[in-house]
Amino acid sequence: MRIVCIGGGPAGLYFALLMKKLHPDHHVTVVERNRPYDTFGWGVVFSDQTMASMQVWDQESAAEIKQAFNHWDDIEVLFKGTRQRTCGHGFVGIGRKKLLNILQARCEALGVELTFETDVDSDLDFPDADLIIASDGLNSKIRRKYAEIFEPDLVMRPNRYIWLGTNKLFDAFTFDFRKTDHGWFQAHIYKFDENTSTFIVETTETAYEAHGLGRMSQQESIDFCQSLFAETLEGAELMTNARHLVGSAWLNFSRLICGKWSHFNGRSHVVLMGDSAHTAHFAIGSGTKLAIDDAIELANQFNKAGHDKARIAEVLKTYEEIRRVDVARIQNAARNAMEWFEVVGDRYADTLPPEQFMYSMLTRSQRISHENLRLRDKGWLEGYEHWFARQSGLKVSENERCLPPMFTPYTLRGTTLANRIVVSPMAMYSAKDGLFDDFHMVHLGARALGGAGLVFAEMTCVSPDARITPGCLGLWNDAQMAGWKRFVDFVHTNSAAKVGIQIGHAGRKGSTRRAWEGIDQPLDEGGWPLISASALPYLKHSPVPKAMDRADMDRVKADFVAATKRAAAVGADWLEFHAAHGYLISSFLSPLTNRREDDYGGSHENRARYPLEVFAAVRAAWPDDRPISVRLSCHDWAEGGNTPEDAAIFAQMFKDAGADLIDCSSGQVWKEEKPVYGRLFQTPFSDKIRNEIGIPTIAVGAISEADHANSIIAAGRADLCAVARPHLADPAWALHEAARIGLKSVAWPKQYMSGKGQYEANLERAGAAAK
Ligand SMILES: Cc1cc2nc3c(=O)[nH]c(=O)nc-3n(C[C@H](O)[C@H](O)[C@H](O)COP(=O)(O)OP(=O)(O)OC[C@H]3O[C@@H](n4cnc5c(N)ncnc54)[C@H](O)[C@@H]3O)c2cc1C
Ligand SMILES: Cc1cc2nc3c(=O)[nH]c(=O)nc-3n(C[C@H](O)[C@H](O)[C@H](O)COP(=O)(O)O)c2cc1C
C-alpha cells in the first residue's frame, strides 16, 4: 500500500512507523509543514497504561521514550496558603520535541519517508496514495475540506490559557490556585525533562478581560503570570516558545467531535486521526494518548484483516467503531475535568474548605472515585475520611477506620439523620382512597429497617384531585392519618431512620392509570377534572386541564397547608415540597408548561410566584425545628425549557423563602424531553446548586453503589444521596453496601444480627475467591 500521513505530530509519526514496521513493503510517507525538530509546546503527559501498550507495539521507540520520560506519582495542590499532597497517580511526562524526535528517528530507521517544510493543501496532492491519514491536528485542512462528510462539531470553550515553561523543577504534578481582584487563576505544572517544567496558566474570560490580558504583549502576559505565581516560582522565570503567535498568546480550548472519521475521495481512502478527529482538554492530559492509541488501533486492524488495499474500507469502519467508544469515554472525563476548571473560581474556590477542595479537584473527571483514591493513596484517603467525619460531628480516633462520608450523620434544624442515604420517594400506586395500609407499612417499614438515614414515602397527595392515579397515597383526611401515625411510630421505635413525607399535587399529570396499566395514560373511567398553570394536556389525548384561577390557587394552597399540618401531627421528621416532574407546582416553574400572561407567567419571578406562595404557607405550617426540602426538575431536557441555570435561580428563591435543602431531580415535565442518562447523571445539578447557591442538596439518579455515594458526598457535590430503584431491588441496600465496602461498624437491626456476620463472611469469601 502507499500510505501518506499529512502532519507529523504523534498520530502521523506513530502510525507511519507502526505500518512500516508491521509490513515493510508498504510505501509510507509523512508530510509535515514544520522543519524537523521544530515544534511549539512544552511537555505532554500520558498514563502508564499508554506506555505499556507502546511497549507492546514498538519496543525500540518505547525504550527511548521511557529513558526520556519523567515519571511521577504525586499530585500537589497549592490553595489558600495550604500545600496538600497525595501519591499513587502514575503519570509520565516528556517534552513534545523530544517525543517527536524519537518518533522521527524511528521512522527514518524503519524506512518511512519524511518530508518536512511542506504545507499540504489537499489530499488530492497524493493521487497515488491508497490510504491518506489526515493527522494534521486540530485545525486540519483536510477535515475542513470535507466538513460535510466528517460533520465536525467544534465548540470553543470559555476559559483562556497560556502554555508556558519554566526551569524550576517540580517533583509533583502541581496545581496552584491564586485569587486576584478579578477572579481566580490556576496553573497546571509538571516537570518533563531534567531542566524544564510545563506551566499552563488558565483563567476565565472575565478575569482575562478585567486584567487586560487580551491587550498585552506576550512578554507582558508572562510578566503578569510571573508575578501572580511568584511565591511558587521562587524567582524562576516563565518562558514562552510560541513567539510565532501573533498578539495575545492566550488561547481557548476547542472541543471537537466528528460525525464520521473516514471518506473515499475517488482515489484514496482518507481517515482522520488524533486531534483532527477529536480533542480532549489538557485538564486530564489525554490528547497525545488518544493520538497514539488511534495509531495503534488502526495498525492493529490492518494486522487482523490483512495489509491489503482491498481491506481498507472494512478496516477503517472497524477502527472507527472501536475507537469511538474509548474516545467518547476519555472525552467525557476530559469534559468533566475541563468544566471543573471553568467553574472552579465561582463554585468551589470560595466555598469549599481546602481539604474538600483538594478532594473535589482529584475527582473532577468523575472517573476517579472514593475507592479508587483509597487504592492510590490509602493514607491520604483515610486522613480525609477522618477530617470529614470530624466535620460531621463525630469523635474519631486517629488509628481507627472511621465511617466513610455516606455513613456520617447529618443535621438540619432539629433533625439528625444517622447517615446520608435517603430512600427516594417512589409512587407505589397501591392505596385505596389515599389510605396508608398494610402494603405501605411492610414496604416502607422494610426500607426503614434497611439502614437508610431517611425514608421517604411516595408523593402524597393533598386532595383527591391532586392524585396521579387512583392508587396514590393522600393526606387530606383524618382517616388517612391513622396509617401514617402507626408507620411513623413503628420506624421511630424500631430503627434509627427518620420519616420523610413528600407532599404534592399531580396537576395536569393527574387522573391517569396505575404505572403497570399504562404510565401517564388517562383513566378510561372514574377520572377527575385537572388543573394546571396553563390549559395544556400532557399527552395529546390527555384531558385538557383548566388554567388555574385565583380561587383554585387559594383552594390548593389551603390543601397543601392542611396536609402539612397532618404530616406534622403524625410525627414525620421531614417534609418535601414536590416542585418537580411536571406536576402542579412544577407546571408553573417551566416555561414549556406555563404560558400564562398574568403575574404568574413569564419571568422567573412570575413563574415562581405561586410555587413560592404555597411554599411560604407550608413552611409557616410546618414546625420550625423540622426541615423541608424542595424537589426541583433541574433540567427539562427540552428546547425552550428550564436548564440548570434556571434551576439555580429557583433554588435561590426557595432558599430565601426558608427551604433547607434542594432535592435535585430532572425531567418528566415535557413529553418530548431528551434526557441524557448515565451514571450519576443528575449529580452535576446538585453540585452546581449546592456550591453556587450555598444551600444543602440531595443528589439523586443512577447512584447505585456506596462508592458513588461516598464520592459525591466527600467531594461536596451533595449533602445527601437519594437512592430509588436500588431500594426496590434491595430494601437493605445501605446495610448491604456497608458490608460490600468492608465496613462492619454499621449497626443492623438487633433482630437481624445473626445474619450480619454470615453476610459479611460470605462477601469476604467471594472477594478472596475472585482475587
Ligand atoms: C496547552 C496544551 C497542553 C497539552 N497537554 C497535553 C498533555 O499534557 N498530554 C497530552 O497527551 N496532550 C496534551 N496536549 C494535546 C496534544 O498536544 C495533542 O492532543 C496531540 O499532540 C495530538 O497529536 P496529533 O498528532 O493528532 O496532532 P498534532 O500534535 O497537532 O500534530 C499535527 C501536525 O500536523 C502538522 N500540520 C498541520 N497542518 C498541516 C498541513 N496542512 N500540512 C502539513 N503538516 C501539517 C502540524 O505542524 C503538526 O506537526 C496539550 C495541548 C495543549 C494545547
Ligand atoms: C417506581 C418509581 C416511582 C417514583 N415515584 C416518585 C415520586 O412519587 N416522587 C418523586 O419525586 N419521584 C419519584 N420517582 C423518582 C425517584 O424518586 C428517583 O428520583 C428516580 O428514580 C431516580 O433515582 P434512581 O436512579 O435511584 O432510581 C419514582 C421512581 C420510581 C422508579
Ignoring ligands and nucleic acids, F282 exposes an accessible area, probe 1.4 Å, in Å² to the nearest 10, of 50
Against the 2.2 N^0.38 Å rule of thumb, the C-alpha Rg of segment 1-145 sits at a ratio of 1.22
Sorting W387, W250 on solvent-accessible surface, 1.4 Å probe, most exposed first, gives W387, W250
Nearest-0.05 FRET efficiency for H27 and Q758 at R0 = 60 Å, using Cβ-Cβ distance, is 0.30
Rounded to the nearest 10 Å², the 1.4 Å probe accessible area of V112 is 10
Rounded to whole Å, √(5λ) for the Cα gyration tensor eigenvalues of segment 166-325, largest first, gives 41, 18, 13
Phi-derived 3J(HN,Hα) across segment 47-61 with the Karplus relation (6.51, -1.76, 1.60, θ = phi - 60°), rounded Hz, x for Gly and Pro, is 7, 4, 5, 5, 4, 5, 6, 5, 4, 5, 7, 8, 4, 4, 5
Taking the chain and counting helices only, DSSP H stretches of n ≥ 4 at -39,500 (n - 2.57) each over all residues, the nearest-500 ellipticity at 222 nm comes to -11500 deg cm²/dmol
The chain accessible area per residue, 1.4 Å probe, protein heavy atoms, integer Å², reads 39
Rounded to the nearest 10 Å², the accessible area of K485 using a 1.4 Å probe with every protein chain kept is 90
Check: C-alpha center segment 34-80 vs C-alpha center segment 92-142, spacing in Å is 19
Under the Karplus relation with 6.51, -1.76 and 1.60 and θ = phi - 60°, whole-Hz ³J(HN,Hα) for segment 257-264, x at Gly and Pro, equal 10, 10, x, 8, 10, 9, 7, 9
The helix 644-656 Cα axis meets the longest alpha-carbon principal axis of the chain at an angle in degrees, between 0 and 90 and rounded to 10, of 40
Relative to the compact-globule estimate 2.2 N^0.38 Å (N residues), the Cα gyration radius of segment 1-53 stands at a ratio of 1.31
By accessible area (1.4 Å), largest first, E113, E297 order as E113, E297
Sorted by chain and then number, the residues having a modelled amide H within less than 5 Å of the amide H of W574, at least 5 places away or on another chain, are V499, I501
For segment 529-669, the accessible surface attributable to carbon and sulfur atoms (probe 1.4 angstrom, ligands and nucleic acids excluded) amounts in percent to 53
The percentage of the accessible area of segment 36-118 (probe 1.4 Å, all protein chains present) made up of carbon and sulfur atoms, to the nearest whole number, is 48
Treating only Lys and Arg (+1) and Asp and Glu (-1) as charged, each at its beta carbon, one finds that segment 582-721 has a dipole about its Cα centre, in Debye to the nearest 20, of 180
Inverse of <1/r> over all distinct C-alpha pairs of segment 681-771, i.e. the Kirkwood Rh in Å, gives 14.6
Once W733, W670 are ranked on solvent-accessible area with the largest value leading and a 1.4 Å probe, the list reads W670, W733
Taking only C-alpha positions in segment 597-684, Rg and Dmax in angstrom work out to 14.1, 41
Computed over the chain: longest principal axis from alpha-carbon atoms vs helix 312-343 long axis, angle to nearest 10 degrees, is 60
Applied in sequence order to segment 354-361, the curve 6.51 cos²θ - 1.76 cosθ + 1.60 (Karplus, θ = phi - 60°) yields integer Hz couplings, x standing for Gly and Pro, of x, 5, 6, 4, 4, 4, 4, 5
Taking Cα atoms only, helix 604-621 is inclined relative to the longest principal axis of the chain by an angle, in degrees rounded to 10, of 50
Largest-first semi-axes in Å of the equivalent ellipsoid built from the Cα gyration tensor of segment 461-520 are 26, 13, 10
Here, N34 and R267, labelled 7 Å along Cα→Cβ, have an inter-label distance in nm of 2.8
Spelling it out for T697: with amide H atoms placed in the peptide plane at 1.01 Å from N, the residues 5 or more places away or on another chain with amide H under 5 Å from its amide H are I662, D719, L720
Of the listed pairs K20/K309; K20/K145; K179/K688; K485/K509; K179/K378, those with alpha carbons more than 26 Å apart are K20/K145; K485/K509; K179/K378
So the carbon and sulfur contribution to the accessible area of segment 400-445, 1.4 Å probe, in percent, is 55
Taking N as the number of residues in segment 298-415, the ratio of its alpha carbon radius of gyration to 2.2 N^0.38 Å works out to 1.67
Measuring from its Cα centre, segment 668-760 shows a charge dipole (+1 at each Lys and Arg Cβ, -1 at each Asp and Glu Cβ) which, in debye to the nearest 20, is 140
About its Cα centre, the chain carries a charge dipole, from +1 on Lys and Arg Cβ atoms and -1 on Asp and Glu Cβ atoms, whose size in debye to the nearest 20 is 1380
Evaluated at 10 °C and 1.306 mPa s, the Stokes-Einstein D of the chain based on the Kirkwood radius over Cα pairs, in µm²/s, stands at 55
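The values are calculated or read from the model by the stated rules, or taken from the named source; none is laboratory data. Quick caveat, the model's predicted, so the values are computed rather than measured. Virtual Cβ from ideal backbone geometry, glycine too; neighbours counted across all protein chains shown. Accessible surface areas use protein heavy atoms only, side chains included; no ligands, DNA or RNA. Shrake-Rupley method; radii C 1.70, N 1.55, O 1.52, S 1.80 Å.
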